[in-house]
Amino acid sequence: MMNAEKTFAANRQLRGLMMGLALIGLTWELATWIVHGNDKTLLMFGLGVVVCVLAVGILQDWRSGVYFFLVWLLFEDLARKFLGNSMVVYFGKDLLVGVCYVAFYFARRRGKVPRFKIPFAVPFALFLWLAVIQVFNTWSPSFLYGGLGLKVYFWYVPLIFLGYALLETPQDLNRFLVINLIAGMVVTLLGIIQSIVGLTFLSPAVLAPEIADLGRLTRESPVTHLAVPVPTGPFVSGGRFSTYLILLWILAMGAQGYLLIRRGRGAVYGFLCIGVVTIGVMISGTRTPFVFVIASALVMTAAFLWGAPWHWGQGHQLVKALRRAFLVGGVGLILMAEVFPQSIGVNWALFSETLSWHGPGSEVVSRGWNYPVDNLIKAFEHERWVYGYGTGTSSLGVQYVAELLHQPQPSIGVESGFGVLIVEMGILGLMFWIVWVTAFLISGWRVVKQLRETAYFPLAFAILWYAFILLVPLTYFGMQPYQNFVMNAYLWLLLGILYRLPALAKMPQPVPAPKHARAMARWSYATGGR
């Protein structure tokens, strides 16, 4: 017994000695990096430690891991800009979500999460298997292109299962919405500040060559020839920032409607987010969010009035909410125009001059129809439009694979999302895409109709509308929005939430009474009536 205790003590002392030596070595290495000014190495080490700590925490609680992943997703590009567009940092989010998948899998094996079957699984599986088969296309320069394509198309698809299981109670939905609205406001405010103080804000003095043009982009209004800076916010490009604004505005609109009907405490965040994002859209230097936010405001307003729970007496409350939302957005724009008129003025010049139907600088027809249709036609001019050139050969990020292989970038790309599907997977790629998207929209609309006249209808419609915007019109203009990791991850996560909403609606929950009914109830209680 005494020998065992001595052995245990000796082993503990040895482990303590080894940990002490490791700590001394780590401290020495960190001190060396600091003395020699290796800021990038130090920052990379810090991010590595953060990822390891988060990974350990995610394995214990995958639901918290989803929120860690979303925050990392929104601010990862900020680290990339200061680390020379490091690909190690770029794959950090993919590692985190991969750990979420593993933790979720084991939780599912233990029966701790609800099971979910994708309603459009068969048509989507056809598209998936075609993409896998096209990895082995003999005309593809390398399997690495296929790996890239599978990543940008499908790596975040399992988030639909996590989104479905993430919400156990309505309180979980409130938490999800409030966290995303707050994070979105921070991202948007950073972009607004950047548009005012200059594009060097949130960026190093020298950007990596492959992202330098994206991070310093300035457009010019065609008639007045004013310089219009394109802010990126924490992202590496203005395109990623502007498409995120579309997602955030739609989500904030749906969240506000839901929270107001439920009289949730987070409704104020919906108001604030709509006001902030409206300003962000006006200083984005990009027409896309401006057009789609206006279209979304019209469509969602009509839909909310159609699906409002009038039998609760909440229809008028929702009308007031919509009016106040537009009022908040308008007040925000007025304040921005009064305090920083230059920033709003140059952007308005770009929008008004390029979107006027018959104006001298109008690009409505050329960019809205001629350019994307011409690029779709170009896809059919490729020699292998029937069979395709292989998954990933015309995807977002193809330049990095070409650089890794020391090869020239494949010159088969077209600026049309439908055209990209034809170039990569042949005519079957476009057909299977249309089939699975149609199947999803039909099943999603059934869910939305099922939730009509409930508190969950505004949010359900907002999610379906966002998915439609991303998968149809934005894909018509290009495949980049769908392959954008922010938009793609949110798409699949929100789809899981959409299909979960009917189960939440069936849970016991108080039906909010209208204001006059609450006043009558209080008066009756005070006078001793029943």
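The values are calculated or read from the model by the stated rules, or taken from the named source; none is laboratory data. Not measured: the values here are computed from a predicted model. Cβ: placed from backbone, ideal geometry, glycine included. Neighbour counts: every protein chain shown.
Among the residues of region 91-107, is there at least one that is among the basic types (Lys, Arg), over 16 Å from the mean Cα position of the chain (by Cα) and not assigned by TED's automatic domain parsing to the domain that holds Asp213?
Checked region 91-107: no residue is among the basic types (Lys, Arg), over 16 Å from the mean Cα position of the chain (by Cα) and not assigned by TED's automatic domain parsing to the domain that holds Asp213.
Against the condition farther than 27 Å from Asp172 by Cα, assigned to a helix (DSSP H, G or I), modelled with pLDDT of 95 or more and not charged (D, E, K, R), how does Trp465 come out, does it pass?
no
Considering only residues that are out of contact with any helix residue (DSSP H, G or I) (no Cβ under 7 Å at 6 or more places or on another chain), in contact (Cβ under 8 Å) with a residue 60 or more places away in the chain and part of a loop (DSSP other than H, G, I, E, B), which ones fall in region 343-383?
Pro360
State all residues of region 60-94 that are among the aliphatic types (A, V, I, L, M) and without any contact (Cβ under 8 Å) to a residue 40 or more places away in the chain; if no residue qualifies, say none.
To start, the set of residues in region 60-94 that are among the aliphatic types (A, V, I, L, M) comprises 66, 70-71, 73-74, 78-79, 83, 87-89.
Within region 60-94, just Ala79 meets the criteria.
With among the polar types (S, T, N, Q), surrounded by fewer than 18 Cβ atoms within 10 Å (Cβ to Cβ) and assigned to a helix (DSSP H, G or I) as the only criterion, which of Ser443, Ser411 stands out?
Ser443
Restrict the check to region 384-394 and report whether at least one residue is surrounded by fewer than 19 Cβ atoms within 10 Å (Cβ to Cβ), among the basic types (Lys, Arg), at pLDDT 85 or above and in a loop (DSSP other than H, G, I, E, B).
yes
Considering region 217-236 alone, what residues qualify as being out of contact with any Pro (no Cβ under 9 Å at 6 or more places or on another chain), part of a loop (DSSP other than H, G, I, E, B) and surrounded by 13 or more Cβ atoms within 10 Å (Cβ to Cβ)?
Ser221, Thr224, Leu226, Val230, Pro231, Thr232, Gly233, Pro234, Phe235, Val236, listed by residue number.
Please tell me if Val152 is touching a Gly at 6+ places or on another chain (Cβ under 7 Å) and either in the same structural domain as Gly270 (by TED's automatic domain parsing) or of a type in the set (A, V, I, L, M) (or both).
Spelling it out, Val152 is indeed touching a Gly at 6+ places or on another chain (Cβ under 7 Å) and either in the same structural domain as Gly270 (by TED's automatic domain parsing) or of a type in the set (A, V, I, L, M) (or both).
Residue pairs, Cβ under 8 Å, 6 or more apart or interchain, first in region 407-424 and closer than 15 Å to Gly392 by Cβ, second of a type in the set (Ser, Thr, Tyr) and assigned to a helix (DSSP H, G or I). List them.
Pro410/Tyr145; Gly417/Thr475; Gly417/Tyr476; Gly417/Tyr482
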